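Asker: I have a structure here, written as structure tokens, and I will follow up with some questions on it.
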Amino acid sequence: MKILVVDDEADVRTLFEQRFRREIRSGLFSFSFAYSGEEALDYLHAHASEVVLILSDINMPGMSGLELLRQIKQEYAAPPPPPSPQVMMITAYGDAESREQALQLGAFDFLTKPVDFAALKDKLLTLASHEN
Amino acid sequence: MKLNADVLLSVLIALFIVRGLRKFLDLPTRLPHLNRLLGWLWIPGLLLFIGSRAIGWESDQLDEVYMLFVLVVLALPLFLLRDYRPARTLLIGLVPYVLFSAVELLLADTQLVQDYDEAFDTSKGFSFIWMFTSLFIARSQKRHLEKERLEREEEEKARQLMATQKAELERLVAERTAILTQQAEELREALTELKTTQTQLIQAEKMASLGELTAGIAHEIQNPLNFVTNFSDVSAELITELEEEQRNPNRDPELEAELLGDLKQNLLKINHHGQRAASIVRGMLEHSRASTGERQSTNLNTLADEYLRLAYHGLRAKDKTFNATLTTHFDPNLGSIEVVSQDVGRVLLNLFTNAFYAVQKRKELGQPGYVPTVTVTTKPLPDGDVEVRVRDNGTGIPRAVVDKIFQPFFTTKPTGEGTGLGLSLSYDIITKGHGGTLLVETQEGQGTEFIITLPA
């Protein structure tokens, strides 16, 4: 399952690679990283239909996570394929307003920082099993 | 009989002269005793007349004797008043006539008089004229003196008037001085009060900008803490994995090395993010504390980056719809310079906050294709100075107010949103505090650029 992680913090890459080292090694998950919303869109355009899940920070300079979500939902709105990747939002602001807005825009899930990786892993595994 | 009666006429003449003299010399005031005595001058004349009648002595010189007596007596007050010029003139006029009359009286009926009758008559005439001339001179002298006296009196009066006026003026001056002193005192008090208020305002402005920062700070601390937690968690996992590997009979040294390498890297990252959080807390404390004014070696790239993030996240926390592209051109060759980093940080924060405000305002206009962008550029100048440019593509500053933006309490923000002290304080910090310059270039509707130059 290919997952695109969007965050302006570079160390997120190291963190994810270590947290999911077993899953990566076993080939269950494969991660790609983008450091801004713009970069994420570019990546999606270049790797259409590969990415199944997007984990995006909300609060980033330039295009925000919510804006990214809106654009993805717009681009992949009309079925048939390519199917829309699921977008999961991760933010330091766990306020109801952001959550509501994200879900309204079609976010698959909404997580707050600090990220509970155990819970995240469970969710991803569930998702992966559905995928299969 | 007829001859002796002449003396009575002389008495009248004498009284007339006394009266004139009294008035002329003001004898009642000057010589009151003598004046009273002169009142009795008729008595010798009357006695002479009665006496001569009684003894039957007849002489045509009786009146002359009496007149001589009168003149000699009258010479006395003149002599006593010789310091008074008209009196002296009268005396000088009188003396020759008296002497001549005396001589004539003594030499009467002698051959000499008869021989030189004509000469005597002429001489007497001259001395008489002399006397009268003196009288006229004395009169004019008296008039002159009187005039002088009047003038003196006028002067005295004027002098007194002036003295009164002077006293009045001095009283007024004293009064005014007292009022002015009081006013000066009041002004001094007001100034002290103003200075206190100013200090309080500066502190209030500081706290206000800190308030703007709070959310940004929370976010900025949250991120490094997130990493600290996760990297330590994952490190624990790595150690477990490493232990498992060590227990494994078929140990994979390559995997072990990789795990150890990751562990080391994680510890460095934990340290790095811990430092990051500490630096933010330190910055916040420094920002709220009163400035020590102490200069320390500061890297403006680090300082600008830190405050840019704080300002950005602060605004983001308040307005979730806000977003802007942050572009930084930090020249890596920028060395550290000695500044009061807390103060310069406040300036940068203020400029960033303003820039974000401006791009947000322009975004609200809904222009298609508008990308709010704030750019920070640092550059070492050839002469060793350091330049920091904060540029935004926001609403720009109208020409009409661009000259006022550094004035205290000037703000274009709605009431309650800005203190109007931010740029004014920033200007003071850069120019007065550091001897640098703070310039602004702006184009309405296009954007604004603030240029800080700090001497090395």
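Asker: Using the structure shown, decide if B:Thr325 is without any contact (Cβ under 8 Å) to a residue 12 or more places away in the chain and assigned by TED's automatic domain parsing to the domain that holds B:Asp343.
Answerer: The answer is no for B:Thr325.
Asker: Turning to a different aspect of this structure: Can you run down the residue pairs with Cβ atoms below 7 Å, 6 or more apart or on separate chains, where the first is in the stretch A:25-50 and in contact (Cβ under 8 Å) with a residue 60 or more places away in the chain and the partner is crowded, with 17+ Cβ neighbours inside 10 Å?
Answerer: A:Leu28/A:Met1; A:Phe29/A:Met1; A:Phe29/A:Ile3; A:Phe29/A:Phe20; A:Phe29/A:Glu23; A:Phe29/A:Leu124
Asker: Can we say B:Pro86 is within 19 Å of B:Thr29 (Cβ to Cβ) and of a type outside the set (A, V, I, L, M, F, W, C)?
Answerer: Values: within 19 Å of B:Thr29 (Cβ to Cβ): yes; of a type outside the set (A, V, I, L, M, F, W, C): yes.
Yes, satisfied.
Asker: Here is a follow-up. Which condition breaks for B:Glu306 when tested against (1) within 14 Å of another protein chain (Cβ to nearest Cβ); (2) in contact with an Asp or Glu (Cβ under 9 Å, 6 or more places away or on another chain)?
Answerer: (1)
Asker: Additional query: Hey, among B:Asp262, B:Asp305, which residue is part of a helix (DSSP H, G or I) and either modelled with pLDDT under 80 or closer than 19 Å to B:Thr229 by Cα (or both)?
Answerer: B:Asp262
Asker: Out of all the residues in the stretch B:318-336, is one or more buried (at least 16 other Cβ atoms within 10 Å of the Cβ), basic (Lys, Arg), over 18 Å from B:Phe450 (Cα atoms) and within 12 Å of chain A (Cβ to nearest Cβ)?
Answerer: yes
Asker: I want to confirm something. Restricting to the stretch B:55-90 and keeping residues that are farther than 15 Å from B:Leu12 by Cα and of a type in the set (Ser, Thr, Tyr), which single residue is modelled with the lowest pLDDT?
Answerer: Step by step, filter the stretch B:55-90, then rank; the result is B:Ser59.
Asker: What are the residues in the stretch A:94-104 that are surrounded by 18 or more Cβ atoms within 10 Å (Cβ to Cβ) and either of a type in the set (A, V, I, L, M) or at the interface with chain B (Cβ under 7 Å from one of its Cβ atoms) (or both), if any?
Answerer: A:Ser98, A:Ala102 - these are the residues of the stretch A:94-104 that are surrounded by 18 or more Cβ atoms within 10 Å (Cβ to Cβ) and either of a type in the set (A, V, I, L, M) or at the interface with chain B (Cβ under 7 Å from one of its Cβ atoms) (or both).
Asker: So how many residues does the stretch B:214-257 have that are over 30 Å from A:Met60 (Cα atoms), acidic (Asp, Glu) and surrounded by 14 or more Cβ atoms within 10 Å (Cβ to Cβ)?
Answerer: The qualifying residues number 3.
Asker: Any residue at all in the stretch B:138-155 that is modelled with pLDDT of 90 or more, within 39 Å of the chain's Cα centre (by Cα) and basic (Lys, Arg)?
Answerer: No, the stretch B:138-155 contains no residue that is modelled with pLDDT of 90 or more, within 39 Å of the chain's Cα centre (by Cα) and basic (Lys, Arg).
Asker: Separate question: If B:Glu417 meets every condition in (1) modelled with pLDDT of 90 or more; (2) of a type in the set (D, E, K, R); (3) loosely packed, with under 13 Cβ neighbours inside 10 Å apart from one, which number is that one?
Answerer: Single failed check for B:Glu417: (1).
Asker: Any idea which residue in the stretch B:99-144 is farthest from B:Asp63 (Cα to Cα), counting only those that are surrounded by 14 or more Cβ atoms within 10 Å (Cβ to Cβ) and polar (S, T, N, Q)?
Answerer: Among those residues, the one meeting the criterion is B:Gln141.
Asker: Still on this structure, please answer the following. Right, B:Arg346: away from chain A (no Cβ under 14 Å), in contact with a His (Cβ under 7 Å, 6 or more places away or on another chain) and basic (Lys, Arg) or not?
Answerer: Judged against the criteria, B:Arg346 is a match.
Asker: Could you count how many residues in the stretch B:1-48 are out of contact with any Pro (no Cβ under 7 Å at 6 or more places or on another chain) and either more than 30 Å from B:Leu145 (Cα to Cα) or without any contact (Cβ under 8 Å) to a residue 24 or more places away in the chain (or both)?
Answerer: Number of matching residues: 32.
Yes/no per residue for (1) more than 12 Å from chain A (Cβ to nearest Cβ); (2) touching a residue at least 12 places away in the same chain (Cβ under 8 Å); (3) not polar (S, T, N, Q):
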residue	(1), (2), (3)
B:Ala184	yes, no, yes
B:Arg188	yes, no, yes
B:Leu194	yes, no, yes
B:Gln198	yes, no, no
B:Ile202	yes, yes, yes
B:Ile217	no, yes, yes
B:Ser232	no, yes, no
B:Arg251	yes, no, yes
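Asker: Of (1) in contact (Cβ under 8 Å) with a residue 12 or more places away in the chain; (2) surrounded by fewer than 14 Cβ atoms within 10 Å (Cβ to Cβ); (3) not in a loop (DSSP other than H, G, I, E, B), B:Ala456 satisfies all except one. Which?
Answerer: Unmet condition: (3).
Asker: Considering each residue of the stretch B:365-386, count those that are within 21 Å of B:Leu310 (Cα to Cα) and part of a strand (DSSP E or B), and give that number.
Answerer: Within the stretch B:365-386, residues that are within 21 Å of B:Leu310 (Cα to Cα) and part of a strand (DSSP E or B) number 6.
Asker: For the subset of the stretch A:64-74 comprising residues that are under 16 Å from B:Asp319 (Cβ atoms) and buried (at least 20 other Cβ atoms within 10 Å of the Cβ), which member is nearest to the other protein chains (Cβ to nearest Cβ)?
Answerer: Across the stretch A:64-74, the extreme among qualifying residues is A:Ser64.
Asker: Quick check on the stretch B:278-299. Is at least one of its residues without any contact (Cβ under 8 Å) to a residue 12 or more places away in the chain and within 11 Å of chain A (Cβ to nearest Cβ)?
Answerer: no
Asker: Going by the structure shown, is A:Leu41 aliphatic (A, V, I, L, M) and facing chain B (nearest Cβ under 8 Å)?
Answerer: The answer is no for A:Leu41.
The values are calculated or read from the model by the stated rules, or taken from the named source; none is laboratory data. Computed from a prediction, not measured in an experiment: that's the story for all the values here. Every residue, glycine among them, receives a Cβ derived from its backbone with ideal geometry; neighbour counts consider all protein chains shown.
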